[in-house]
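The values are calculated or read from the model by the stated rules, or taken from the named source; none is laboratory data. This structure is a prediction, so every number in the text was calculated from the model and none was measured. Cβ placement follows ideal geometry from the backbone for every residue including glycine, while neighbour counts extend to all protein chains displayed. To get the accessible areas, we keep the full protein, side chains included, count just its heavy atoms, and leave off ligands, DNA and RNA. Shrake-Rupley method; radii C 1.70, N 1.55, O 1.52, S 1.80 Å.
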Amino acid sequence: MEIIICKTKEEASRKAADLVAALIKAKPKAVLGLATGSTPVPMYQYLAKDCAAGKISFKQVKSWNLDEYYGLAPTHDQSYRYFMDKNLFDHIDIAKKNTHVLNGLAKDWKKEVAAYEAAIKKAGGIDLQVLGIGSDGHIAFNEPGSSLTSRTRIVSLTPQTIKDNARFFKKAADVPKQALSMGVGSIMEARRIVLLAFGANKADAVKGAVEGGVSQFCTASALQMHQDCWFFCDAAAAAKLKLRKYYAWRAEEALKAEMGA
Ligand code: PGA
């Protein structure tokens with residue numbers, strides 16, 4: 001694990017975007033795993049700027065998203081398909097047919113998730129997976145108690161996640177109670193992981209993920225077992241890390257080596 005600690009979320013997002021851009025330059029047919037939530041938005045804005053400036057192109061890139069609310073149509077303004085279109089896909093040169101989000105209206109969810117995993121496999125697997133982290137340590141919708149070997153499936157949201165996400169809906173009762181989500185095991189198969197965490201309300205989750213024991217009660221802690229995982233945090237999200245000075249010193253070198261600086 002490399003833990004990059006920046007003063008601000010803008011700085012962390014720029015650095016994370018650089019890592020994504022470097023992959024796309026090296027591998028124009030890269031397969032990206034993408035995340036929703038407020039956290040990756042600044043990074044997506046930087047990637048859109050890079051694309052507009054002609055520095056990178058998504059023309060041959062394929063993407064698969066982590067999750068989707070079960071029961072929401074892709075046209076619903078809180079669906080993750082809608083979110084991705086508005087926050088990234090509409091601003092870059094990616095072909096919409098190459099972007100994949102689980103179908104929240106799938107009647108047969110088992111068929112939907114099996115096809116989704118099969119399609120990722122057929123594309124050669126995910127080169128780089130973008131992740132946020134929930135205040136309870138979840139990645140995608142893998143809530144505490146999710147098996148660390150779980151696959152894409154239907155999941156039930158915890159009251160905490162419903163509360164956290166209620167800000168996007170008119171009222172908490174409108175937040176769907178279930179979602180289709182890639183599993184921890186599915187996520188772990190990505191060749192590289194880039195997790196973003198910003199703000200003081202993520203400090204406990206980051207602490208648990210990085211310095212806690214590997215446990216299904218903080219599903220992000222499974223990332224300790226991943227061989228190429230990068231956390232990009234702002235100072236507030238990293239504030240509770242015991243070894244944060246060491247990580248900062250080590251990661252700066254790792255990032256330089258990675259970017260060929
Ligand atoms: P957020 O959500 O980016 O809106 O904080 C993160 C998550 O729940 O994974």
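What is the sum of charges, Lys and Arg at +1 and Asp and Glu at -1, for the other residues whose Cβ falls under 12 Å from the Cβ of residue 251?
Local charge sum for residue 251: +1.
For segment 140-182, the relative contact order comes to 53 percent (Cα pairs under 8 Å, sequence separation of at least 6).
A dipole drawn for the chain from +1 and -1 charges on Cβ atoms has a positive end, and of 172, 255, 158 the residue lying farthest that way is 255.
Averaged per residue, the chain has 45 square angstrom of accessible surface, using a 1.4 angstrom probe with ligands and nucleic acids left out. 3J(HN,Hα) along segment 64-75, derived from phi through the Karplus expression 6.51 cos²θ - 1.76 cosθ + 1.60 where θ = phi - 60°, amounts to 10, 8, 5, 7, 7, 4, 7, x, 9, 6, x, 8 Hz, with x in place of Gly and Pro. Paramagnetic label reach from residue 225 (point 7 Å along Cα→Cβ; backbone nitrogen cut-off under 11 Å): within segment 134-153, residues 147-150. Measuring with a 1.4 angstrom probe and ignoring ligands and nucleic acids, residue 252 comes out at about 70 Å² accessible. Descending by average beta-carbon neighbour count within 10 Å, the peptides 192-202, 52-62, 177-187 line up as 177-187, 192-202, 52-62, the highest first. Counting charges near residue 155 (Lys, Arg +1; Asp, Glu -1) among other residues having Cβ under 14 Å from its Cβ returns a value of -1. Straight-distance candidates among the aspartates and glutamates for linking to residue 242, with alpha-carbon spacing under 17 Å and chain neighbours fewer than 8 residues away dropped: 2, 204, 211, 234. Can you tell which of 89, 231, 169 shows the greatest fluctuation in a Gaussian network model of the chain with Cα springs below 10 Å? Between 89, 231, 169, it is 169 that shows the largest mean-square fluctuation. Add +1 for every Lys or Arg and -1 for every Asp or Glu among the other residues with Cβ under 9 Å from the Cβ of residue 39, and state the total. Value of the local net charge: +2. Pairs exceeding 25 Å between alpha-carbon atoms, taken from 62/240; 27/96; 96/170; 15/240: 62/240; 96/170. Taken about its Cα centre, the chain carries a charge dipole of roughly 260 debye when the Cβ of each Lys and Arg holds +1 and the Cβ of each Asp and Glu holds -1. Taking all Cα pairs closer than 8 Å and separated by 6 or more residues, the relative contact order of segment 166-253 comes to 31 percent.
In segment 107-258, a dipole from Cβ-located charges (positive for Lys and Arg, negative for Asp and Glu) runs towards its positive end, and of 200, 212, 123 it is 200 whose Cα lies farthest in that direction. With viscosity set to 0.890 mPa s and temperature to 25 °C, compute the Stokes-Einstein D of the chain, Rh being the Kirkwood radius across alpha carbon pairs; µm²/s, no decimals. Diffusion coefficient, whole number: 134 µm²/s.
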